[in-house]
Amino acid sequence: MKPPRAGTTENISVSMPADLVSELRSRTGRRGLSGYITEAVRHQLAMDGLAEIVAREAVRHTPILPHRPAPAPRRGQRAAGSADRPVRPDRPGVSGGRG
């Protein structure tokens, strides 16, 4: 048997719950059923492909949201790790004061 060419169709049989088929037919009519299902399958295949890309990239890279930020300090408290002395403007990241 030859593989189908682009643009050709193949008849298949699928089983679906009766209530789903009834709702589907009420939305599409009998003539639009195949087109509706075809587009739904195309959409699902595209979503599956995107999920595979995301899973593959998640292994290669750090997560998009690697951690949650620390909660803000309450009024009157210093943030964790904050210095008692101001940062020296001539040396960012270095506290001023006694050396």
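The values are calculated or read from the model by the stated rules, or taken from the named source; none is laboratory data. On a predicted model such as this, the values are computed, not experimentally measured, just so you know. Virtual Cβ from ideal backbone geometry, glycine too; neighbours counted across all protein chains shown.
Being polar (S, T, N, Q) and part of a helix (DSSP H, G or I) is the filter here, so list the residues in segment 18-65 that pass it.
Step one: of segment 18-65, the residues polar (S, T, N, Q) are 22, 26, 28, 34, 38, 44, 62.
Matches in segment 18-65: Ser22, Ser26, Thr28, Ser34, Thr38, Gln44.
Yes/no matrix, rows are residues, columns are (1) among the hydrophobic types (A, V, I, L, M, F, W, C); (2) surrounded by 10 or more Cβ atoms within 10 Å (Cβ to Cβ); (3) at pLDDT 90 or above:
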{"site": "Val14", "(1), (2), (3)": "yes, no, yes"}
{"site": "Glu52", "(1), (2), (3)": "no, yes, yes"}
{"site": "Arg60", "(1), (2), (3)": "no, no, no"}
{"site": "Ile64", "(1), (2), (3)": "yes, no, no"}
{"site": "Gly99", "(1), (2), (3)": "no, no, no"}
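Restricting the first member to segment 38-58 and to residues that are closer than 25 Å to Glu10 by Cβ, and the second to residues that are of a type outside the set (Phe, Trp, Tyr) and at pLDDT below 95, no beta-carbon pair is closer than 6 Å while six or more apart or on different chains.
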